[in-house]
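Have a look at the structure below before the remarks.
The values are calculated or read from the model by the stated rules, or taken from the named source; none is laboratory data. No experiment lies behind these values; they were computed from the predicted model shown. For neighbour counting, all protein chains shown are included, and Cβ atoms are generated from backbone atoms with ideal geometry for every residue, glycine included. Please note that ligands, DNA and RNA were not included when accessible areas were found on the heavy atoms of the full protein model with its side chains. Shrake-Rupley method; radii C 1.70, N 1.55, O 1.52, S 1.80 Å.
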Amino acid sequence: MGRVHDVSRLRRRAALALLAAAVLCVWGAQALHRRVMADRLLSVFPDRVPGDAALAKFARDQAAPLYREYCSSCHGDNLKGDRARGIPDLTDRDWLYGSGEVSDIERVVLYGIRSGVGKGWNLANMPAYAQHVPYRRFAIESLTPGDIEDTVEYLRAIEGRSADKEAAARGEKIFQGRGACFDCHGADARGDTAIGAPNLADDLWLYGDGSRQSVFESIARGHQGSCPAWFRRIPAWKARALAVYVYDASHPPRGPG
Amino acid sequence: MKSDDVSLVLLGAGALLGIAVAGVGLFTAKGTATHHVPPEDAALVNQRPILMSDFVAQVEGTYAEPYARSTAEQRKAVLDAMIHEELYVQRGLELDFPGTDPDTRAALVAAVEQQAVADATTELPSEQALEAYYAEHRSEYATEGTLLVRDFLLDAGPGNALPDGAGVAAALRAGATPEQLALRFRARELRPSRGEDFYFAAKIQLGDRLFEIAKALPDGAVSEPVTLADGVHVLRMAKNSPPVPRGFADAREQVLGDYKRAVSARLRAADEKYLYGKADIQIAASLQ
């Protein structure tokens, strides 16, 4: 009887050992696969990752929890941002900085916007024209409430919305002259993605709803939204995975036809 | 040759080879180099990485075009320039530029100061922390306040007669026009208005004393005469919209900026205290 017990105990132990070995093998294989894929993710030029189905899937899978941990508190679970707080919608194709390629997004993830990190996007702030010193880095004249109202009319006019023509004509002089708005937003008001100056001629709004009051307040009080730099907390391959994830959100796969 | 001699020769040769290999490894950068460039890097310069993301950003910044449109020549030019920079930075450290060059030192000080407040700029404070800060500094969050005020100045009358400020104030209250004031009292309007002004601009234009009087005037009110160094002033308020307190939601962006600045200032002070605390600073007797 004793021998039979010993044999069955031995068998159980052997089975447990085999199970443990199998679990270890699976875990090791997964870890190895992750390491290999992470290296591949970094080896491929970032903008080409979305074109590689396996890599893109790996990036998406890895990035979803990262997005929840690092980004969703501002950009929201649906990546739609919050216009009341000037947090950009990551699902549209309106990019403030760069052209929305994975490499551009990755740079924001790593080094941030107005994060103070030298490699980040630290230019430029929207001046607060209702202050004595609208902008600390550059001498710009303050504007009167009437000046700001005229500028708002000019912006409405170039967007093709209803506007007071005389006020818009005065506003154009301010935009192209002493307001120095052209310096960042361009003479055509279409913005400049090299310094994060939004396009003012489209109907997408980073802050507010585009109403007269909302645009007035943006000009009067200025803006300087920021995005943290994560390069000290997120390893390079995870930053790239996050960048691919955000890229995917703004480039949904096209349906058949 | 005896077998003992052969053994000795081989032993000596082996030792020499070992020393040579160790020497190359110890005294040359190439000796300690790995030949594998990590996937996140564009190059290694004496084992210091040039990050691929930096390289891509540099190419795009240099040629103002997406990286994908850059040519092989452009990429090579940028990589060469980055390698050149890295080599010279390394050489600069060997030459102790941080110890001797004022520009390098200034850049280092700025970078370390920035590093000290990096957490404050990166961390997103909780809404509760922001609301608490707002509650503590509520008075700083208000709309700008605008006013449209007319400022009439009376010079001394004929033969240095005292200007009739009270008469001007009464006439203004009765609805006199600037032209009538000019004829009857020789009063002239200063800075004919270009429209409403923000409070800060009105304060600059009127001066502190007149502004304090002006901002208390309701729409349509006329001030008492105010004697200043340049004559007697009478103000007529056309429209006064005083600052209105802003709610937290409306002022949140400004609160966030102020909160981060306050935290940065605290961190900077703490960093400085720590550095001074652990430093051994000795000052010449003549300067103590």
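Observations, loosely collected:
- Each residue in segment B:107-124 was checked for being open to solvent by 20 Å² or more (accessible area, probe 1.4 Å) and either at pLDDT below 85 or in a loop (DSSP other than H, G, I, E, B) (or both), and 7 of them qualify.
- Hits in segment B:50-82 - residues which are over 28 Å from the mean Cα position of the chain (by Cα), crowded, with 16+ Cβ neighbours inside 10 Å and facing another protein chain (nearest Cβ under 10 Å): B:Met52, B:Pro66, B:Tyr67
- The helices (runs of 4 or more DSSP H) found wholly in segment A:1-100 and carrying at least 1 residues that are away from chain B (no Cβ under 14 Å), over 24 Å from A:Leu206 (Cβ atoms) and not aromatic (Phe, Trp, Tyr) occupy A:2-43, A:53-70.
- Within segment A:131-160, residues that are more than 26 Å from B:Pro243 (Cα to Cα) reach partners that are of a type in the set (S, T, N, Q) and surrounded by 13 or more Cβ atoms within 10 Å (Cβ to Cβ) with beta carbons closer than 9 Å, at six or more positions or on different chains, in the pairs A:Arg137/A:Asn125.
- Residue identified as surrounded by 14 or more Cβ atoms within 10 Å (Cβ to Cβ), without any contact (Cβ under 8 Å) to a residue 40 or more places away in the chain, more than 14 Å from chain A (Cβ to nearest Cβ) and among the hydroxyl-bearing types (Ser, Thr, Tyr) among B:Thr104, B:Thr177: B:Thr104
- Residue-level analysis places B:Leu235 outside the set of residues that are touching a residue at least 60 places away in the same chain (Cβ under 8 Å), part of a loop (DSSP other than H, G, I, E, B), within 27 Å of A:Asp147 (Cβ to Cβ) and more than 14 Å from chain A (Cβ to nearest Cβ).
- The set of residues in segment B:243-264 that are within 14 Å of chain A (Cβ to nearest Cβ) and surrounded by fewer than 14 Cβ atoms within 10 Å (Cβ to Cβ) comprises B:Val244, B:Gly247, B:Ala249, B:Arg261.
- Test result for A:Arg114, within 10 Å of chain B (Cβ to nearest Cβ) and either more than 11 Å from the chain's Cα centre (by Cα) or not charged (D, E, K, R) (or both): yes
- Tally, over segment A:140-169, of residues that are within 21 Å of B:Ala202 (Cβ to Cβ) and of a type in the set (A, V, I, L, M, F, W, C): 3
- If you go through segment B:213-228 and keep only what is under 39 Å from the mean Cα position of the chain (by Cα) and either among the β-branched types (Val, Ile, Thr) or open to solvent by less than 40 Å² (accessible area, probe 1.4 Å) (or both), you end up with B:Ile213, B:Ala214, B:Leu217.
- Qualifying position, being of a type in the set (D, E, K, R) and within 30 Å of A:Phe231 (Cα to Cα), among A:Arg156, A:Arg170, A:Arg107: A:Arg107
- Top-ranked residue in segment A:208-239 [being under 18 Å from A:Tyr154 (Cα atoms) and touching a Gly at 6+ places or on another chain (Cβ under 8 Å); ranked as surrounded by the fewest Cβ atoms within 10 Å (Cβ to Cβ)]: A:Ser214
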